[in-house]
1. Only residues that are open to solvent by less than 10 Å² (accessible area, probe 1.4 Å) and either touching a His at 6+ places or on another chain (Cβ under 9 Å) or at pLDDT 90 or above (or both): list them for segment 575-597, please.
2. In segment 66-91, which residue that is of a type in the set (S, T, N, Q) and within 30 Å of ASN144 (Cβ to Cβ) is modelled with the highest pLDDT?
3. Sort through PRO678, PRO666 and tell me the only one that's without any contact (Cβ under 8 Å) to a residue 12 or more places away in the chain, open to solvent by 10 Å² or more (accessible area, probe 1.4 Å) and not in a helix (DSSP H, G or I).
4. When segment 754-763 is examined, which residues are found to be out of contact with any helix residue (DSSP H, G or I) (no Cβ under 8 Å at 6 or more places or on another chain) and either polar (S, T, N, Q) or surrounded by 22 or more Cβ atoms within 10 Å (Cβ to Cβ) (or both)?
5. Of the conditions (1) open to solvent by 20 Å² or more (accessible area, probe 1.4 Å); (2) in a loop (DSSP other than H, G, I, E, B); (3) at pLDDT below 70, GLU787 satisfies every one except a single condition; which number is it?
6. Go over the candidates SER621, SER614 one by one and state the one that is closer than 18 Å to GLU698 by Cβ and of a type in the set (S, T, N, Q).
7. Consider only pairs whose beta carbons are under 6 Å apart and that are at least six residues apart or on different chains; among these, list those whose first residue lies in segment 49-66 and is more than 18 Å from LEU764 (Cβ to Cβ) and whose second residue is surrounded by 14 or more Cβ atoms within 10 Å (Cβ to Cβ) and of a type in the set (Ser, Thr, Tyr).
8. Scan segment 657-713 residue by residue and report those that are in contact with an Asp or Glu (Cβ under 6 Å, 6 or more places away or on another chain) and among the charged types (D, E, K, R).
Amino acid sequence: MSDERLELEKLPPPESIPLARPGYPRAVYPDPGSYGYGYGYGEQDGRALLRQISRILRKRKWLILTLVFIGTCITTVEIYRTQSTYQAAATIEIRNDSKTLVKTADVIVQTDASDNINTYIYMIKSRPLLQNVALNLKLDQNPNFLEVTERKSVWEAVKTISGKFRSGNPSAPTPQIIEPPDIALQGELKLTPEETARLAPVVSVLANNLNVEQLPFTRVLKISFTHTDPMMAARVTNAVAQDFIERRFQEKTVKFTKASAWLDDATRKLRAQVEQAEKKLADYTRDHIIYSGDIKDTLGTDKFMRLHEQVMRVETDRVLKESLLAEVMAGRVNQLAESFANSETAELQKKLNELKIRASQLELKFGEKNPNLIDVKQQIAALEEQIAGSRSTLAEKLKAEYERILREERSLKKLLAAAKIEAAQQNQATIEYSLLKQDVDTAKALYTEFLQKTHQADIQVAEQANDLRLAEPAEVPVSPVGPNRPRAILIGLFLSLAAGCGLAYFLEYLDNTIKTVEDVSRYAQLPALSVIPAIGATMPRKLSGGRKALATRGSIESSLLISPEARSSAAEAYRVLRTSVLLSSAGSPPKKILITSGQPGEGKTTTVVNTAISLAQLGSSVIIIDCDLRKPTIHKLFGFDHGRGLSTYLSRDVELDSLIQKLQIPNLSALACGPIPPNPAELISSEKMKSMLAKLSERYDHIVIDSPPLINVTDPVILSTLVDGVILVVHGGKSTRDVLRRARQELTNVGAKIFGVVLNNVDLRHEGYDDYYYYRYYSAYGQEKEESSD
């Protein structure tokens, strides 16, 4: 009785079930989705749409994932076929040293020749300068310089990708500064046509990948060059900057150098002495990396002091992070200061306390089964999960910050130790530097006294200081500037995901089969009496026996699709069908029930047998009549002879009782089809058939009739006029909407009473039933039985 009560609770009252009755072929039914039947209760269109979208995505998830995988892989390989490009940049400062006073009428205007920055930009990208850079760096002899646009092969791209996965995320190398090369100015280059043609590809690459721009609100030019070789990019950038500075200075001082040229021969010896002393000083400065001659203020000492301050600051920060992490790991998150606590967590805790108070009030007032109390408990569970996630996120964040500051402390301590050694070395080098500098000063003093006039000429040249200065030389770039591979891969991922979803929706659009209860209501305007799950779709097969056992004459009880103690999802679904049939007629349950389908292979015979068995389990006397006189199947399921049966009775004068076979299942009998006649329709429409049904109605509580498919022959249409009601069996995901509509129309045209539709062989996980009460109930029901059997 408890099982029957559960079955009845899953169905609405009989008067709420919209049925197709004779004389009402165009009855207006509720909106699709408004039927009860344990699947949903009048959900809003928005929720139904979201559920439909979710169902389609789950159903086609492997197709979508395959397209996403293929699209992402192709995008990744293609983007890695493009070589990485590196950009090096140098900056040139334009000093405001060259000023000119111009008098116009009574107004004196001060002009600045260096303001013409656009001219500088043009000069930097001029062909003579680029040719000079190409010759100095011998770029025309470097075959790798022109391989800027060459792409990798697919195999090389795959090896690069696999190498990145194996190497993980290595630490970025330290940028390397490239010293500006010594530029040999060629003056006015006079190249032959052959040399110009040879340098043309190199000059073209330089011009296309060289960019010059003025930094906003400054007097600084930024020169950048892009190339696949980072070292080459830095070398070319520094060469271009240095060449431009030298050219500009040469143009500015050319008149002074020519005026003092005749003095150079007379002062060559003394000048050589000065140059020799300066060379020693310069070599020592370069070899010992000395930037200042002031012993009290060396770069090494200053660097050491700065690193020491940084180490002390990092140690303090590390102690603070370690203390916070210890508090969190000890579970004392609530004791943290407000500056470190999460305000969102506090707000969630406040809401949680309010909901707990409300839940206590509802439980005291309405009891534990109140819907509002259940909803509040669900909200409490969600808030507790959010609070736990927030606390976990805080712990992970503090741990990550602690590990980062610890690594930074170790790194700074290493640098501090190195800086300490470097400061000591620089102090020693500065002393030697002072001695060398004194030699240079002595040589210059002798040179000044002996050749005063020559010195004055040199001073005039020195006064013409270069108004351009290399503010920042180019460094070897450590990371590429293009292509942006993560962005391209993400775009490919999203595009392939969109394509997969679009293809899934397109395939769903082309699929016109009946899959859900909503499809039955929408396209046939008939109630769904039950949804029969596919065996093995939701759980392992629970039905006792198999097809092979059904064909034997052994123990029929163990070979039936449903046994009295069966509690599988399929067995429960047939019991739901039984309850729906018993409540389908007002007054008393129907006696004569016709079960048919629109086309072959939809499971109508299996439905006939299981419906009859489920009715017999209630103690009612039930007989199965195999009226499929064209391709009978009932005798194969029960394993008895069909040599004598319905066709024998309708075509001859024999006793009906001699043809009825009593089955081993209590309260269940069967009437086989008999020999296949040449005129099945005539036999079924005969008066003897009507009288036979009338006799059997007096002897049995229920008559379950199996018939051929409705679309192929007229036998089911004839039988529908002889019974109390018709049940249409539809194969979920196979039967089309047109077949279902045509079957309904065929029955409606003759005034047949249609109880409803049985959606058979449905995969509950893929056809949108996993969110329904039906699926959850039967899954839990089957699992409970499985656990009890274990």
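1. Step one: filter segment 575-597 for residues open to solvent by less than 10 Å² (accessible area, probe 1.4 Å), giving 576-581, 584, 590, 593-597.
VAL581, PRO590, ILE593, LEU594, ILE595, THR596, SER597 - these are the residues of segment 575-597 that are open to solvent by less than 10 Å² (accessible area, probe 1.4 Å) and either touching a His at 6+ places or on another chain (Cβ under 9 Å) or at pLDDT 90 or above (or both).
2. Initial filter on segment 66-91 (of a type in the set (S, T, N, Q)): 66, 72, 75-76, 82-85, 87, 91.
Adding the requirement that they be within 30 Å of ASN144 (Cβ to Cβ) leaves 75-76, 82-85, 87, 91.
On the way: THR75: 88, THR76: 87, THR82: 83, GLN83: 81, SER84: 84, THR85: 87, GLN87: 90, THR91: 93.
Among them, the one singled out is THR91.
3. Numbers: PRO666 fails: without any contact (Cβ under 8 Å) to a residue 12 or more places away in the chain.
Checking each option against the conditions leaves just PRO678.
4. First, the residues of segment 754-763 that are out of contact with any helix residue (DSSP H, G or I) (no Cβ under 8 Å at 6 or more places or on another chain): 761-763.
Correct list: ASN761, VAL762.
5. (2)
6. Working: SER614 fails: closer than 18 Å to GLU698 by Cβ.
Just one listed residue meets the conditions, SER621.
7. none
8. ASP706
The values are calculated or read from the model by the stated rules, or taken from the named source; none is laboratory data. Just so you know, these numbers come straight off a predicted model, no measurement behind them. Using ideal geometry, Cβ is built from the backbone for each residue, glycine included, and neighbour counts are taken over all protein chains shown. What goes into the accessible areas is simple: the full protein's heavy atoms, side chains included, and nothing from ligands, DNA or RNA. Shrake-Rupley method; radii C 1.70, N 1.55, O 1.52, S 1.80 Å.
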